[in-house]
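Chemist: Quick one: the structure is below, and I'll ask about it shortly.
The values are calculated or read from the model by the stated rules, or taken from the named source; none is laboratory data. Values in this document were obtained by computation on a predicted structure and should not be read as measured data. We place every Cβ from the backbone using ideal geometry, glycine too, and count neighbours over all the protein chains shown.
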Amino acid sequence: MRRLLAATLPCLILPGLAAAQSDETPGPDLTIERVFASPSLDGATPRSLKFSPDGSRVTFLRPKEEDRTVLDLWAMDVADGRTYRLVDARALAPEERELSEAEIQYRERARISESGVVSYDWDESGEAVLVPLDGDVFYVDVESGDARRLMETETFETDFKVGPEGEYVSFIRDQNLWLHNLETGEERALTEEGEGPVSWGVAEFVAQEEMNRYTGYWWSPDGSKIAVARIDETPVQIVPRFGISAEGVSVSEQRYPRAGTDNVEIELWIFDVESGERTQVDLGDESDIYLARVNWSASGERVYVQRQNREQTELDVLAVDPQTGTSEVFLTERAPTWVNLTDDFTALDDGGFLWTSERTGYRQVYRVSEDGEVSAITVGTGVVDELAGLSEDGQTVYFEGWRASPLERHLYAVSIEGGEITRVTSGEGVWRATLGDGGAAFIGAYSDTDTPPRTGLYEMDGTHIAWIEENALNADHPYAPYVESHVTPEFGTVMAADGETELYWSMIKPDHCTGEAPCPAIVEVYGGPHVQRVTRAWTGARDQLFADRGYVLFRVDNRGSWNRGHEFEAALHDRMGSIEVEDQLAGLEFLESRDFVDPDRVGLWGWSYGGYMTLMTTLQAPGAFDAAVSGAPVTDWSLYDTHYTERYMDTPAANPAGYEQGAAFAHVENYATPTLIIHGMADDNVTFDHSTRMFAALQEQNADFEIMTYPGQRHGVRPPALQTHMWTTIFRFFDRRLDQDS
């Protein structure tokens with residue numbers, strides 16, 4: 001028995017819910033169908049919040065009450081707090097046309113599952129917003145609400161932006177960058193060579209999926225120039241992908257760069273908007289690189305290009321002269337494992353920029369002068385998550401981070417010269433902040449274990465001004481009928497398998513689970529890098545389904561997960577599927593030591609990396625779990641993409657042992673835990689052959705396993721009806737395998 005360290009918090013009664021509860025009449029049962037129906041049980045949760053350029057309005061996307069899968073654009077006048085719908089998606093496009101394959105892939109990469117207005121962009125004057133819809137784009141006057149369709153073509157245009165001076169709308173059409181003159185309506189192609197494997201202004205697959213870069217072009221601050229990426233996918237391996245739907249089978253010749261194979265060839269060019277003249281940027285002698293980020297200086301006299309080497313152990317910031325394309329290495333970040341990318345570049349008026357780095361082991365804020373001098377603004381072991389913005393005078397830096405606790409995310413303020421850090425936000429949950437221009441106010445979205453997401457407008461000292469969406473959990477809230485059975489998560493720590501590192505866990509425990517009447521438990525796992533599952537945020541009704549059905553729900557963030565410093569995350573370097581498994585088993589040992597848990601009825605489930613972890617854990621520890629559900633699992637890292645896989649595992653040639661032992665097939669002879677494997681049959685991320693190969697390997701073992709496949713679905717099973725079916729399948733499987741009464 002390992003010595004375990006644990007601390008728990010008592011269950012709490014949700015505050016302020018007396019009006020929503022009744023001591024006499026029990027509430028209705030929380031069903032799977034209701035969890036995925038409309039309106040959302042989380043209540044109104046605005047997203048994509050932005051200030052207008054003049055700060056007079058806040059705009060945001062909100063789902064329709066009658067259909068949570070369709071988004072409209074809403075606005076709030078800051079002066080009087082009036083909230084109104086600015087764009088009704090169904091009024092502008094009653095029947096949206098079928099998405100193009102490029103748009104489907106973009107939305108899958110960006111994890112957009114809704115339709116309607118899924119993005120928008122303000123013009124510089126603050127008089128109008130640009131709304132892509134129905135494959136074209138609408139220009140909406142915010143005063144009158146009048147919408148003008150800028151184009152109506154057979155082609156599905158993408159990646160619309162309003163130019164900085166408001167003269168042009170830029171967009172991608174047929175793999176080329178186009179400009180639309182808002183005054184004259186004239187359109188012209190800035191590039192014309194895009195066809196076949198060559199595209200201009202487009203982010204390649206790994207940029208979208210793994211770098212969180214969804215564009216391939218960047219306007220200069222004055223609107224006179226555009227930096228444009230040119231990608232040539234000719235070297236990229238073609239992987240035939242079968243899109244199996246209910247209607248039939250399609251075959252896509254997908255350019256998918258699997259680990260150790262060739263990436264796209266990439267160039268960067270600077271275009272003069274008026275003349276169309278172009279200048280190539282010198283990206284260095286090495287061609288096997290990643291174009292990670294492109295940022296303009298505040299004056300537009302420099303372009304700062306982030307160039308990452310293939311190994312991802314070095315990130316160079318190149319200072320580029322946009323007139324000549326010449327470049328020099330301005331700043332370099334190095335790590336023996338890998339360098340994480342961020343979007344934290346913030347241009348300063350003095351020619352320098354704000355930057356964040358993990359060079360000390362914990363992400364902190366730095367100021368970089370125009371001459372390249374780097375000075376620390378924050379220090380310590382508290383993790384900075386991202387830069388939020390600057391005060392109007394430029395003397396105060398605002399950032400979001402996990403300094404109060406690894407479970408809480410807050411907005412902080414610090415002088416640009418460094419020094420004392422002030423926490424701006426309150427509470428014991430998770431905040432997301434959006435600053436207005438000049439740092440005059442911020443939009444704050446907050447939730448905690450007992451508070452569904454609520455969104456308000458705040459002074460920069462944290463003083464509340466007005467609600468954008470209070471989303472009060474009162475008698476009128478969609479979740480109100482079910483609060484009687486709501487269980488507040490408990491939190492604590494357990495020692496990792498190394499005997500030195502504390503891991504954080506969360507648990508939802510039904511009240512009836514006791515030492516006299518122990519309950520079955522489900523461990524939900526992700527386990528991979530760049531993800532944190534244990535926080536004090538609202539987890540929603542889906543988690544409550546487990547409690548309502550009599551299960552203890554348990555999570556633990558193993559070494560390798562996010563927001564605990566780079567050493568904590570990099571513990572899995574070159575050995576995925578090893579230390580994460582050890583830590584999950586330490587969590588299991590702790591869980592099974594609780595007298596209210598039946599140790600003979602414990603299941604494991606996860607999706608994507610969590611699906612991989614489900615297989616790796618049960619195969620390396622046969623019999624530790626009594627049932628398992630693996631969703632869209634990676635089964636062999638040599639089948640996954642370059643940028644993600646090589647970051648953590650190097651190439652198959654450089655790390656053959658890591659790839660061999662990190663594949664589920666190396667352990668398949670240990671199969672003993674009854675497992676259900678789920679996969680979308682058109683998955684273009686973790687391609688379907690990850691699972692079909694596992695099916696074949698298990699069949700050769702004469703193994704007792706189950707499968708559920710979803711025709712036409714990609715890496716996520718999106719439609720509510722299919723989510724209802726999937727979760728019904730998952731619970732039926734666990735109920736049956738863990739002898740749980742349904």
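Chemist: How many residues, within segment 653-670, are in contact with a Pro (Cβ under 8 Å, 6 or more places away or on another chain) and surrounded by fewer than 21 Cβ atoms within 10 Å (Cβ to Cβ)?
Modeler: The total comes to 1.
Chemist: So Q699 fits all but one of (1) surrounded by fewer than 21 Cβ atoms within 10 Å (Cβ to Cβ); (2) at pLDDT 95 or above; (3) within 25 Å of D548 (Cα to Cα); what number is the exception?
Modeler: (3)
Chemist: Kindly indicate whether any position in segment 474-494 is under 17 Å from R409 (Cβ atoms) and touching a Lys or Arg at 6+ places or on another chain (Cβ under 6 Å).
Modeler: No; the residues of segment 474-494 include none that is under 17 Å from R409 (Cβ atoms) and touching a Lys or Arg at 6+ places or on another chain (Cβ under 6 Å).
Chemist: Still on this model: Tell me yes or no: at least one residue of segment 438-452 is in a loop (DSSP other than H, G, I, E, B) and at pLDDT 95 or above.
Modeler: yes
Chemist: Can you give me the number of residues within segment 130-160 that are under 18 Å from V118 (Cβ atoms) and touching a Phe, Trp or Tyr at 6+ places or on another chain (Cβ under 7 Å)?
Modeler: Final tally of qualifying residues: 12.
Chemist: Return the residues of segment 461-486 that are outside any strand (DSSP E or B), of a type outside the set (S, T, Y) and surrounded by fewer than 20 Cβ atoms within 10 Å (Cβ to Cβ); say none if nothing qualifies.
Modeler: Matches in segment 461-486: D461, G462, E470, A472, N474, A475, D476, A480, P481, V483, E484.
Chemist: Checking S742 against (1) modelled with pLDDT of 95 or more; (2) over 25 Å from the mean Cα position of the chain (by Cα); (3) farther than 20 Å from V239 by Cα, which single condition isn't satisfied?
Modeler: (1)
Chemist: Condition (residue is within 22 Å of L722 (Cα to Cα) and within 24 Å of the chain's Cα centre (by Cα)) applied to segment 126-146: is it met by at least one residue?
Modeler: No, segment 126-146 has no match at all.
Chemist: Further question on the same structure: Pull up segment 182-200, narrow it to residues that are in a strand (DSSP E or B) and surrounded by fewer than 14 Cβ atoms within 10 Å (Cβ to Cβ), then point me to the one that is farthest from the chain's Cα centre (by Cα).
Modeler: Looking at the filtered set, the residue picked out is R188.
Chemist: Might you check whether a residue that is acidic (D, E), farther than 22 Å from G429 by Cα and touching a residue at least 12 places away in the same chain (Cβ under 8 Å) occurs anywhere in segment 529-551?
Modeler: So far as segment 529-551 goes, yes, one or more of its residues are acidic (D, E), farther than 22 Å from G429 by Cα and touching a residue at least 12 places away in the same chain (Cβ under 8 Å).
Chemist: Just for segment 416-437: of the residues that are part of a strand (DSSP E or B) and touching a residue at least 24 places away in the same chain (Cβ under 8 Å), which one is farthest from R47 (Cα to Cα)?
Modeler: This residue is I421.
Chemist: Also, quick follow-up: Is there any pair with a first residue in segment 469-491 that is among the hydroxyl-bearing types (S, T, Y) and a second that is in a strand (DSSP E or B) whose Cβ atoms are under 7 Å apart and which are 6 or more apart or on different chains, and what are they?
Modeler: These pairs meet every condition: Y479/P452.
Chemist: If a residue has to be in a helix (DSSP H, G or I), in contact with a Ser or Thr (Cβ under 8 Å, 6 or more places away or on another chain) and of a type outside the set (A, V, I, L, M) to count, how many in segment 541-563 make the cut?
Modeler: Matching residues across segment 541-563 total 2.
Chemist: Starting from residues that are of a type outside the set (G, A, S) and more than 16 Å from A433 (Cβ to Cβ), keep the ones in segment 393-404 and report whichever is surrounded by the fewest Cβ atoms within 10 Å (Cβ to Cβ).
Modeler: D393
Chemist: Test Y710 against the stated conditions and say whether it is under 22 Å from the mean Cα position of the chain (by Cα) and among the hydroxyl-bearing types (S, T, Y).
Modeler: Answer is no for this residue.
Chemist: Looking only at strands (runs of 3 or more DSSP E) that fall completely inside segment 207-267, which ones have 2 or more residues that are on the phi < 0 side of the Ramachandran plot and more than 25 Å from the chain's Cα centre (by Cα)?
Modeler: Strands (runs of 3 or more DSSP E) meeting the threshold: 225-232, 238-244, 249-255.
Chemist: Does any residue of segment 19-33 turn out to be hydrophobic (A, V, I, L, M, F, W, C), surrounded by 12 or more Cβ atoms within 10 Å (Cβ to Cβ), over 30 Å from I443 (Cβ atoms) and at pLDDT 85 or above?
Modeler: yes
Chemist: Which residue out of E301, E277 is surrounded by fewer than 16 Cβ atoms within 10 Å (Cβ to Cβ), without any contact (Cβ under 8 Å) to a residue 60 or more places away in the chain and in contact with a Gly (Cβ under 9 Å, 6 or more places away or on another chain)?
Modeler: E301
Chemist: For E265, all conditions in the list (1) without any contact (Cβ under 8 Å) to a residue 12 or more places away in the chain; (2) farther than 26 Å from G372 by Cβ; (3) of a type in the set (D, E) hold save one; what is the number of the exception?
Modeler: It is condition (1) that E265 fails.
Chemist: Next up: Check A697, A703, A682 and return the single one that is in a helix (DSSP H, G or I) and aliphatic (A, V, I, L, M).
Modeler: Of A697, A703, A682, the one residue that is in a helix (DSSP H, G or I) and aliphatic (A, V, I, L, M) is A697.
Chemist: What are the residues in segment 93-131 that are over 18 Å from G201 (Cα atoms) and of a type in the set (D, E, K, R), if any?
Modeler: Result: E95, E96, R97, E98, E108, R111, E114, D123, E124, E127.
Chemist: Would you tally the residues in segment 175-208 being in contact with a helix residue (DSSP H, G or I) (Cβ under 7 Å, 6 or more places away or on another chain) and assigned by TED's automatic domain parsing to the domain that holds R107?
Modeler: Number satisfying all stated conditions: 0.
Chemist: What's the number of the condition E183 fails, among (1) in contact with a Ser or Thr (Cβ under 9 Å, 6 or more places away or on another chain); (2) modelled with pLDDT under 95?
Modeler: Tallying (1) in contact with a Ser or Thr (Cβ under 9 Å, 6 or more places away or on another chain); (2) modelled with pLDDT under 95, E183 fails exactly one: (1).
Chemist: Would you check which residues across segment 495-517 are part of a strand (DSSP E or B), hydrophobic (A, V, I, L, M, F, W, C) and farther than 11 Å from R555 by Cα and list them?
Modeler: Passing the criteria: only M495.
Chemist: Tell me the residue from T724, T687 that is over 23 Å from G603 (Cβ atoms) and either in the same structural domain as T614 (by TED's automatic domain parsing) or in a helix (DSSP H, G or I) (or both), please.
Modeler: It is T687.
Chemist: Next question, about the same structure. Looking at P240, P257, which one is surrounded by fewer than 17 Cβ atoms within 10 Å (Cβ to Cβ) and either small (G, A, S) or out of contact with any Lys or Arg (no Cβ under 6 Å at 6 or more places or on another chain) (or both)?
Modeler: After applying the criteria, what remains is P240.
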